[in-house]
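The values are calculated or read from the model by the stated rules, or taken from the named source; none is laboratory data. Since we're looking at a predicted model, the values are computed, not measured. Here Cβ is always computed from backbone atoms with ideal geometry, including for glycine, and neighbour counts include all displayed protein chains.
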Amino acid sequence: MTQIITTISEMRAQVHAWRNAGECVGLVPTMGYLHEGHKSLIERSVADNDRTVVSVFVNPTQFGPNEDLESYPRDLDRDVALVTHAGADVVFHPEPEEMYFPDRSTTVHVEGLGNELCGKSRPIHFDGVCLVVSKLLNITTPDRAYFGQKDAQQLLIVRRMVRDLSIGTDIVGCPIVREPDGLAKSSRNTYLSPAERAAAVVLSRSLACGRAVVESGERSAEAVRAAIRAELATEPLAEPEYVEVVDTNTVSPVDVIAGEVLVAIAVRIGTTRLIDNFFFDPAA
Ligand code: AMP
């Protein structure tokens with residue numbers, strides 16, 4: 001059975017004991033309500049490392065004032081069962097008070113990479129992510145930490161933060177796990193009504209249209225965006241927030257696809273905001 005640790009001091013002591021035994025450590029940061037996407041990250045960490053910590057922490061600093069912090073789904077018992085089944089050693093589940101001092105005064109901001117895509121509608125989101133991820137990396141000092149490509153902008157920002165701050169953890173990006181019909185697995189999919197769930201497949205379908213365009217040799221970002229938008233327009237319940245093609249180094253929009261790009265979309269289905277993406281490298 002996986003051990004549950006709720007304090008920073010106990011978590012540090014456990015990692016210290018592992019290190020003294022010569023064991024290497026993997027970390028999978030999550031907000032819980034775990035699904036097959038999270039499980040794929042945990043299984044990868046279990047395969048790569050002697051020990052795996054899965055953090056389950058709904059991080060208040062990455063939610064804006066009108067976002068779903070309170071209603072975000074939570075089920076620790078189910079999460080612990082999934083983590084145990086996936087073979088990890090510890091669930092690190094601190095209370096917000098354990099993680100944040102009331103008078104905390106330090107921010108972690110990666111300049112530029114959070115301006116576009118999700119950063120436009122969620123202005124404080126990535127600072128909150130960087131703060132919590134840097135804290136989790138400091139607490140667990142893992143050899144490797146695992147992040148899903150599902151949150152591609154987050155992955156790019158965390159990689160940059162770790163590089164710039166000389167944090168000694170390898171950031172491992174993992175592929176998107178999908179439902180059989182193509183919808184990217186997400187804890188937020190539970191918000192969807194049956195009709196919305198049926199409509200949500202338009203995200204992956206529209207990206208498939210964009211991918212077909214770029215794979216046919218088209219290098220105009222606008223042509224790719226237009227193909228995606230046209231497919232999204234076929235679904236009346238879908239309200240696109242953005243359809244973008246960005247450079248993977250700068251996360252800023254490109255006109256011409258000359259190097260590796262991230263093709264990313266955010267779409268509201270009813271009140272639920274869903275994201276999806278793919279990477280494309282013309283040189284690959
Ligand atoms: P979250 O609990 O939503 O913060 O996600 C925790 C980690 O799981 C992040 O690195 C996500 O990118 C990753 N993740 C979430 N959904 C998926 C998915 N469908 N496939 C792969 N990774 C995922």
Self-check item: Qualifying positions in the range 107-131 - of a type in the set (Asp, Glu) and within 16 Å of the ligand (Cβ to nearest atom)
Solution: Asp127
Quiz item: For the range 193-234, which fully contained helices (runs of 4 or more DSSP H) count at least 3 residues that are more than 16 Å from Ile269 (Cα to Cα)?
Solution: 202-215, 221-232
Quiz item: Looking at the range 86-180, what helices (runs of 4 or more DSSP H) fall wholly within it and have at least 1 residues that are in contact with a Leu (Cβ under 7 Å, 6 or more places away or on another chain) and modelled with pLDDT of 95 or more?
Solution: 125-140, 152-164
Practice problem: Please go through the range 132-157 and pick out each residue that is within 14 Å of the ligand (Cβ to nearest atom) and closer than 25 Å to Glu10 by Cβ. | Solution: Val132, Val133, Leu136, Leu137, Pro142, Arg144, Ala145, Tyr146, Phe147
Quiz prompt | Members of the range 224-248 found to be of a type outside the set (Phe, Trp, Tyr) and in contact (Cβ under 8 Å) with a residue 60 or more places away in the chain, listed by number | solution = Glu241, Glu244, Val246, Thr248
Exercise. Within the range 98-109, identify whether any single residue is surrounded by 14 or more Cβ atoms within 10 Å (Cβ to Cβ), in the same structural domain as Ile42 (by TED's automatic domain parsing), closer than 30 Å to Arg268 by Cα and touching a residue at least 24 places away in the same chain (Cβ under 8 Å), and answer yes or no.
Key: yes
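Pick out the one residue from Glu23, Glu36, Glu43 that is assigned by TED's automatic domain parsing to the domain that holds Phe92, near the ligand (Cβ under 10 Å from one of its atoms) and in contact (Cβ under 8 Å) with a residue 24 or more places away in the chain.
Working: Glu23 fails: near the ligand (Cβ under 10 Å from one of its atoms); Glu43 fails: near the ligand (Cβ under 10 Å from one of its atoms).
Criteria check complete, one pass: Glu36.
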Quiz item: Within the range 55-72, which residues are within 10 Å of the ligand (Cβ to nearest atom) and either more than 27 Å from Ala13 (Cβ to Cβ) or touching a residue at least 40 places away in the same chain (Cβ under 8 Å) (or both)?
Solution: Ser55, Phe57, Asn59, Gln62, Tyr72
